[in-house]
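One structure is given below, encoded as structure tokens.
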Amino acid sequence: MSVSVISVTTSLSAREPNRVLRKFLRNKSAVIGAVLVVTFALLALLAPWISPFDPIKADFMAVRKAPSALHWLGTDELGRDILSRLFWGARTSLMAGCVSVIIAIVIGVPLGLIAGFWQGWLDNIISRVVEALLSCPFLVLAIALGAFLGPSLGNAMIAIGLSAMPIFARLTRAQVMSIRNEEYIEGARAIGLPDRWILWRYVLPNVLSPILVQATLAIASAIITEASLSFLGLGQQPPDASWGAMLNTARSFLEQSPWMSIFPGLAIFLTVQGFNLLGDGLRDALDPRSE
């Protein structure tokens with residue numbers, strides 16, 4: 001009897017990824033989001049090989065040239081090729097988004113696990129700190145931390161990660177509290193398994209799905225925040241390319257050279273929209289109640 005139950009359970013577990021993939025592929029918006037994310041990720045990875053020009057080399061004979069056969073998206077105020085800078089800016093934005101979210105997860109998820117599983121005074125302290133941080137708007141907190149740490153891409157990623165950390169801590173705590181008294185958790189306690197093993201083996205795997213969805217959506221917010229910090233001079237520093245810094249420069253030439261702002265803005269919009277659509281698709285696909 002036990003062998004048959006194990007076989008059925010194994011079979012269901014093996015079919016679960018296929019079910020999630022089928023639901024995801026049926027969602028056209030999610031597929032479009034995935035295509036956008038993969039496209040920009042490939043552009044970022046291949047930037048050294050597909051960029052037609054050096055992204056930081058000035059050419060004063062081609063200052064603010066309109067899009068042409070030589071410069072497909074035009075040039076900026078120093079004659080640098082905008083297409084090449086967009087490719088390299090994709091590296092900055094995607095790295096900032098992913099690294100910031102990793103920082104938020106590494107700090108926030110363990111805090112949420114501790115607060116939700118053990119509760120008591122630890123939960124009170126962690127919850128009060130998280131609530132205090134959440135009371136401050138995300139972008140305002142990131143700008144404040146970025147200004148405090150100093151202008152650089154690394155400091156911007158730390159500031160964004162710390163600002164996003166409370167969201168993951170609160171989400172993880174809520175998920176842990178919803179399953180901490182389930183029968184399989186009580187059974188693991190009954191057979192004498194240590195709490196750290198229960199957290200790692202039984203609790204964490206059951207809260208990963210909402211964390212994954214939140215991470216995908218948080219990357220979109222982190223990309224916008226990095227662009228905002230770069231726009232304010234707190235992110236990627238010149239002459240390195242950044243979409244936010246490109247917009248900051250382009251604001252002085254909106255009427256004379258609109259292409260300088262159109263293409264970086266469009267890149268930010270498409271990338272953020274891609275991650276949002278991907279996150280929504282993952283949420284629907286991982287939700288067993290949505291069929």
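The values are calculated or read from the model by the stated rules, or taken from the named source; none is laboratory data. Keep in mind that what you see is a predicted model, and the values were worked out from it rather than measured. Please note: Cβ atoms are built from the backbone with ideal geometry, for glycine as well, and neighbour counts cover all protein chains shown. Side chains included, ligands, DNA and RNA excluded: accessible areas come from the protein's heavy atoms. Shrake-Rupley method; radii C 1.70, N 1.55, O 1.52, S 1.80 Å.
Here is how the numbers come out for the structure above:
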{"read-out": "Conditions (1) open to solvent by less than 50 Å² (accessible area, probe 1.4 Å); (2) of a type outside the set (Phe, Trp, Tyr); (3) modelled with pLDDT under 90: number failed by Leu208", "value": "(1)"}
{"read-out": "Filter result for the condition that a residue is among the aliphatic types (A, V, I, L, M) and either modelled with pLDDT of 90 or more or in contact with a strand residue (DSSP E or B) (Cβ under 6 Å, 6 or more places away or on another chain) (or both), over Ala174, Ala190", "value": "Ala174"}
{"read-out": "Complete set of residues in the range 246-276 that are of a type outside the set (S, T, N, Q) and free of Cβ contacts under 8 Å to residues at least 24 places away in the same chain", "value": "Leu247, Arg251, Leu254, Glu255, Pro258, Ile262, Gly265, Leu266, Phe269"}
{"read-out": "Cross-chain or 6+ apart pairs with Cβ under 6 Å, the range 95-120 first and touching a residue at least 24 places away in the same chain (Cβ under 8 Å) and under 27 Å from Ile223 (Cβ atoms), then in a helix (DSSP H, G or I) and acidic (Asp, Glu)", "value": "Ala96/Glu226"}
{"read-out": "Among the candidates Ile103, Ile125, residue that is assigned to a helix (DSSP H, G or I), more than 18 Å from Thr39 (Cα to Cα) and at pLDDT 95 or above", "value": "Ile103"}
{"read-out": "Candidates Arg180, Arg170 - the one that is open to solvent by less than 70 Å² (accessible area, probe 1.4 Å) and of a type in the set (D, E, K, R)", "value": "Arg180"}
{"read-out": "Residue check, Gln214 part of a helix (DSSP H, G or I), in contact with a Phe, Trp or Tyr (Cβ under 7 Å, 6 or more places away or on another chain) and crowded, with 19+ Cβ neighbours inside 10 Å", "value": "yes"}
{"read-out": "Yes/no for Ser228 being open to solvent by 20 Å² or more (accessible area, probe 1.4 Å), in contact (Cβ under 8 Å) with a residue 40 or more places away in the chain, within 30 Å of Gly281 (Cα to Cα) and under 22 Å from the mean Cα position of the chain (by Cα)", "value": "yes"}
{"read-out": "Verdict on Ser51 being more than 18 Å from Trp243 (Cβ to Cβ) and hydroxyl-bearing (Ser, Thr, Tyr)", "value": "no"}
{"read-out": "Test for Ile125: is it free of Cβ contacts under 8 Å to residues at least 24 places away in the same chain, β-branched (Val, Ile, Thr) and open to solvent by 60 Å² or more (accessible area, probe 1.4 Å)", "value": "yes"}
{"read-out": "Residues of the range 245-291 classified as farther than 30 Å from Gly233 by Cβ and hydrophobic (A, V, I, L, M, F, W, C), total", "value": "5"}
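Listed here are the residues, each with its yes/no results for (1) among the β-branched types (Val, Ile, Thr); (2) under 22 Å from Thr39 (Cα atoms); (3) buried (at least 21 other Cβ atoms within 10 Å of the Cβ).
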site: Arg251; (1), (2), (3): no, no, no
site: Glu255; (1), (2), (3): no, no, no
site: Ile262; (1), (2), (3): yes, yes, no
site: Gly265; (1), (2), (3): no, yes, no
site: Phe269; (1), (2), (3): no, yes, no
site: Gln273; (1), (2), (3): no, yes, no
site: Asp280; (1), (2), (3): no, yes, no
site: Asp287; (1), (2), (3): no, no, no
